[in-house]
Amino acid sequence: MTFQQLKYAIGIAENGSFNKAAEKLFVSQPSLTAAIHDLEKELDIQIFNRNGRGVTLTQDGKEFLSNAKQLYLNYEAVIERYQKGNASKKKFGISTQHYSFALKSFVEMVKRFNTEEYEFAIRETKTKEVIEDVSSLKSQIGILYLSDFNRTIIQKMLNAKGLEFHPLIKCKAYVYIWKGHPLAKKKSISFEELSEYPCLSFEQDDNDSVYFAEEILSTNEYHRTIKTNDRASILNLMVGLNGYTLCSGIISEELNGPDYVVIPFKESDENINRVMEIGWISKKNFILGEVAKTYIDETKRYLGVK
């Protein structure tokens with residue numbers, strides 16, 4: 001098995017076709033087909049199902065590709081560190097819950113590199129998809145949080161996917177509203193004071209969604225709720241409907257604008273302000289390349305942690 005064969009298998013899976021992969025990899029289709037045939041024969045598995053519309057991964061192929069991606073990315077990280085002038089365009093992606101600091105850190109990281117040499121991607125998405133993206137190495141790094149409520153469920157899922165959680169910062173919930181909101185001048189806001197305003201939250205999958213919610217107090221009974229799937233909609237709904245969301249309090253004014261404020265959530269005996277532990281996830285034993293290290297450093301710098 002060679003790294004070239006791994007690269008070919010990854011390219012075919014990403015493009016869903018031998019033809020498209022051959023074009024992207026600048027290799028003839030017969031050579032590509034022969035390389036995969038030899039690889040399948042050596043491993044004694046079938047990696048791809050072939051049909052007239054393209055290819056799909058077999059169950060063995062899915063398991064193989066997950067390991068192949070990690071091996072190949074580790075190989076690229078070593079090449080990136082020790083071999084200068086590498087001509088191939090490298091990929092780096094992160095998947096994250098909806099955090100403006102994650103996007104701001106990504107922006108600062110990209111500024112440090114030549115975008116002609118790298119293909120960058122950032123995906124703000126659902127919690128389960130963050131985990132799936134990192135598990136499949138669609139993204140090398142994921143950003144999410146754990147708490148005393150969701151830790152057991154999410155940690156179990158991370159372990160099953162061969163992922164590990166690296167803590168960054170701990171914080172409590174803040175109420176995020178626009179400056180014209182009737183409660184915007186208060187020093188702290190209780191759950192009772194929020195009852196007449198719609199709670200804005202990011203949509204998750206229906207099954208077990210409470211454990212994968214991005215809002216720390218997701219088990220509370222909200223009388224008015226509106227769900228969406230992007231930060232821009234949440235910001236518009238804050239203004240249009242006097243909506244609010246509960247967040248970490250770590251907000252990038254540069255990205256979200258100056259018209260919003262975060263106010264500490266006032267806890268009570270019935271509504272405890274749980275601690276959020278925000279961190280990044282990666283494959284176990286994954287070797288961080290220069291770009292990944294830079295992203296983590298930029299994130300730590302923005303959060304003010306070492």
Checklist outcome for this item: Relative to the chain, whose Cα atoms define the longest principal axis, helix 151-160 and its Cα axis are tilted in degrees, nearest 10, by 0 degrees
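What does the net charge come to around Ser17 if you take all other residues with beta carbon closer than 13 Å to its beta carbon, with K and R at +1 and D and E at -1?
Local charge sum for Ser17: +2.
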Item to check | About the Cα centre, charge dipole magnitude for region 219-306 (Lys/Arg +1, Asp/Glu -1 at Cβ), debye | outcome: 360 debye
Checklist entry - Reachable aspartates and glutamates from Lys161, Cα under 13 Å, same-chain residues fewer than 8 places away excluded? => result Glu63, Glu129, Glu132, Asp133
Checklist outcome for this item: Ratio for the chain, C-alpha Rg to 2.2 N^0.38 Å, reads 1.15
Item to check | Gain upon complete extension [Thr225, Lys187; 0.36 nm per residue less C-alpha separation] | outcome: 11.3 nm
Checklist entry - Quick one: putting +1 on the C-beta of Lys and Arg, -1 on the C-beta of Asp and Glu, what dipole do you get for the chain around its Cα centre, in Debye to the nearest 20? => result 740 debye
Next on the checklist: Using only Cα atoms and rounding to the nearest 10 degrees, what angle (0 to 90) does helix 29-43 make with the longest principal axis of the chain?
Outcome noted: 80 degrees
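Which order do you get for Lys284, Lys24 if you rank them by accessible area with a 1.4 Å probe, largest at the top?
Lys24, Lys284
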Checklist entry - Using Cα atoms only, what is the angle between the long axis of helix 290-303 and the major principal axis of the chain, expressed in degrees (0 to 90) to the nearest 10? => result 0 degrees
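Which whole number of Å³ per residue matches the convex hull of the alpha-carbon atoms in region 102-189?
158 Å³
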Checklist entry - What is the extension gain from Glu108 to Asn285, computed as 0.36 nm multiplied by their sequence separation minus the C-alpha to C-alpha distance, in nm to one decimal? => result 61.1 nm
Next on the checklist: Using Cα-Cα distances under 8 Å and only pairs 6 or more residues apart, what relative contact order does the chain have, in percent?
Outcome noted: 23 percent
Checklist entry - Near Lys90, which lysines are there with a Cα under 22 Å away, not counting those fewer than 8 places off in the same chain? => result Lys7, Lys20, Lys24, Lys69, Lys104, Lys111, Lys138, Lys283, Lys284, Lys293
Checklist outcome for this item: Hits in region 18-46: amide N under 19 Å from the 7 Å Cα→Cβ extension of Thr2, namely 21-44
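The values are calculated or read from the model by the stated rules, or taken from the named source; none is laboratory data. All values reported here derive from a predicted model rather than from experimental measurement. Because the Cβ atoms are built from the backbone with ideal geometry, glycine has one as well, and the counts that use them run over all protein chains shown. Each accessible area value is taken on the protein alone, full model and side chains, heavy atoms only, with ligands, DNA and RNA left out. Shrake-Rupley method; radii C 1.70, N 1.55, O 1.52, S 1.80 Å.
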